[in-house]
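Right, one structure below, let's go through it.
The values are calculated or read from the model by the stated rules, or taken from the named source; none is laboratory data. Values in this document were obtained by computation on a predicted structure and should not be read as measured data. Backbone-built Cβ (ideal geometry, glycine too); neighbour counts: all protein chains shown. Ligands, DNA and RNA are stripped out before the accessible areas are found, and what is left, the full protein with its side chains, is counted by its heavy atoms. Shrake-Rupley method; radii C 1.70, N 1.55, O 1.52, S 1.80 Å.
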Amino acid sequence: MGMELHAEKAGCAEMEIAEITDSDLFKLVRHALKSALQGDPDQYEQLLRVMHPDEGVLPDVALLVTCLKALSGSVSCLDIVHHKSLIASILQMSMWNYGTDVMDALMEFNISLAASSGQYVDLCLEMLVSNFMPPDSFISLLNQPPGILRKGQVIDRVHSTLTYIAKLLPLSPLRLERMITERMPHIFTKEPLILIYVENMLKLESGAIGDLVGRTMLVAIMDKLIDLDVDIAWDDILQEDFTKGIFDMELGDLEWPMDDGQQNGDELQISWMERYFSGNLNAQKLDSLIVLTFEHLNFCKESGRLSQVFHTLLQSFQQTVLMAYKSKFAQFVLFYACSLDPENCGRRFADTLFHKFKSSKYPEWRMSAVAYLASYLARAKFLPISFVAEYVESLLEWCSTYCSNQGGSINPKAHKEFYAGCQAMMYVLCFRMRSMLAIPRIRSRISKHIEDILRHPLSPLMVCLPSIVEEFLRLAKVTHLDVPDNFVSSNLLESELSMAFGGRERLDTFFPFDPCLLMKSDRFIRPNFVYWSMVRSSYDNDDDDDEGTSDEDDIEICTAGNGINIPNDGTARSYDQDLDEFGNKMSKMSITPKVAQWGELQSGRQMPSSLLPCPDSL
């Protein structure tokens, strides 16, 4: 192949040759490299200008490609000291700025350089990792057809090159995983950039070298989710209202007026999210990253890898998420994975949490674990009632054994794990009592221990959150479960005793699987989630008002082996209808102790408690 070489394009004034062949150019490149070693830099500097033209001068693509190929065949002539500027100029080139011919030539050079000497491996890997993200100038094109095409071209070549280098150099993945985690964007990086970086990490996890680097990628991603999660604070906009029960909070209605032109459904949901997250870029990033992770989990399920991936996620959860008391959303990655495989992942998650509760040497870890277990059992629609009952019975047995071994009276700080276990048991029963007690076998097992536990001198009914205790006792009365009837209602969300056993982290008010408040993530969680309104707790008229209601009407029938059965009110409903009436479904939101008012709302415009996030103190 012949090529016309224009001196002004090549930046080579001495070359007045009208036409030069590729083989001649290969010789010139080798000569330029050798001349630089001998102290004659002229031709070497000309070669530098081909790689990095002066500002305002467009590169000659054909010349650039040929020079890169010539350099790929001449890597043995390169010296890391004398040719440092040339190597740097090539490895700093962004593939996003070039067509496929230049991309291919760059990848060929990268592989040849990495294979030539171990001193170049890190430089070559850094070049590939740097191309995980496009230049800032390219961000606006990412959602346009040319940008989408270019993204695929770059990512495919980067990952195929990483795989090829891993085959040539078996230890390179160890360097690669360290490099990727160290270069991972910080939480204030622009959303498109951090998303595409994590997308590359997930592609590595499921790719040819996933067995070597996959675990590190998943752990790093979970750590980043936690970093974003705990950065989202609510203190500036929320206030506590300790006069309202947590179940009342979830049943709160949307009370602020809507504009005349505002519609229900998705538009209302977007408006609601904007009230929380307008200007909170990290919340939006977290939402998008969680959705990206959900999609990856779906892919893993389809490819038969979900169990393997879940093992890593579960380890990461125990090391980071479980201990992050301010986490509000990152834990839903585990929840969603369990929903994809309840029999395997769902059970492993519950087993891990219960084991942590029983055996951890740190009380706070045990309390956090049982809070997660209770929230999971209460909220996971995909869990069969027999599964939930199994763990409720295990909690009852543990509490009963604890009571048998303990004397004395109320002491929230000394017996905090016991009170956490009792509260967890009552919390789950608030959601699942009717379903479980409708099955005689389960009813008998629960009745065996519960009254003795609640009547023990440690007095869990006096220490646990009053709002949970009161709702539990109301349900117990309707379902005729034998429990103490001498409890005096305080009409308070919490008490000094509950705060004492909850400790500084307020683990008494920690319900980690309260409804997800991230709009995009919610679409994945919603079909698998039990909202309080679904339980149909119709006790608005106090315990003594059962008019027009029978036990049989209230009890949800849920047979062993099936998920929760939501009672039908006579009107068939679809998922789309539920979304379309989002404004009327705010009652399905969080029951974690939260807020009553939004900043400086006018009198009478109370913020809907159903939308409130977990307290930042958690």
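Under a 5 Å amide H cut-off, with hydrogens placed 1.01 Å from N, F529 pairs with K381 among residues at least 5 apart or on other chains. Using a 1.4 Å probe on the protein chains only, how many percent of the accessible area of the stretch 294-353 belongs to carbon and sulfur? C and S atoms contribute 46 percent here.
Measure off, as a whole percent, the carbon and sulfur share of the 1.4 Å-probe accessible area of the stretch 18-171, all protein chains present. C and S fraction of accessible area: 54 percent. What's the carbon and sulfur percent of the stretch 428-485's accessible surface, probe 1.4 angstrom, rounded to a whole number? Carbon and sulfur together cover 48 percent of it. When each of the peptides 33-46, 386-399, 465-478 is scored by how many other beta carbons lie within 10 Å of its residues on average, the order from highest to lowest is 465-478, 386-399, 33-46. Whole-Hz Karplus values for the stretch 75-90 come out as 4, 5, 8, 7, 10, 5, 8, 6, 10, 4, 5, 5, 4, 5, 4, 6 Hz, taken residue by residue from phi with 6.51 cos²θ - 1.76 cosθ + 1.60 and θ = phi - 60°; glycine and proline positions read x. The distance from the alpha carbon centre of the stretch 332-368 to that of the stretch 392-457 is 19 Å, rounded to a whole number.
For the stretch 298-413, the per residue solvent-accessible surface stands at 36 Å², with DNA, RNA and ligands left out and a 1.4 Å probe. With protein chains left intact and a 1.4 Å probe, residues in the stretch 61-217 average 43 Å² of accessible area per residue. Relative protection proxy for 104-110, 520-526, from highest mean packing down: 104-110, 520-526 (other beta-carbon atoms within 10 angstrom). Sorting 129-137, 439-447 by their mean Cβ neighbour count within 10 Å, with the most densely packed peptide first, gives 129-137, 439-447. Spin-label pair N405-Q92: with each label point 7 Å from Cα along the Cα-Cβ axis, the two points sit 6.5 nm from one another. With 30 Å as the limit, the listed pairs K151/K285; K167/K285; K301/K520; K285/K361; K356/K413 have K167/K285; K285/K361 beyond it between alpha carbons.
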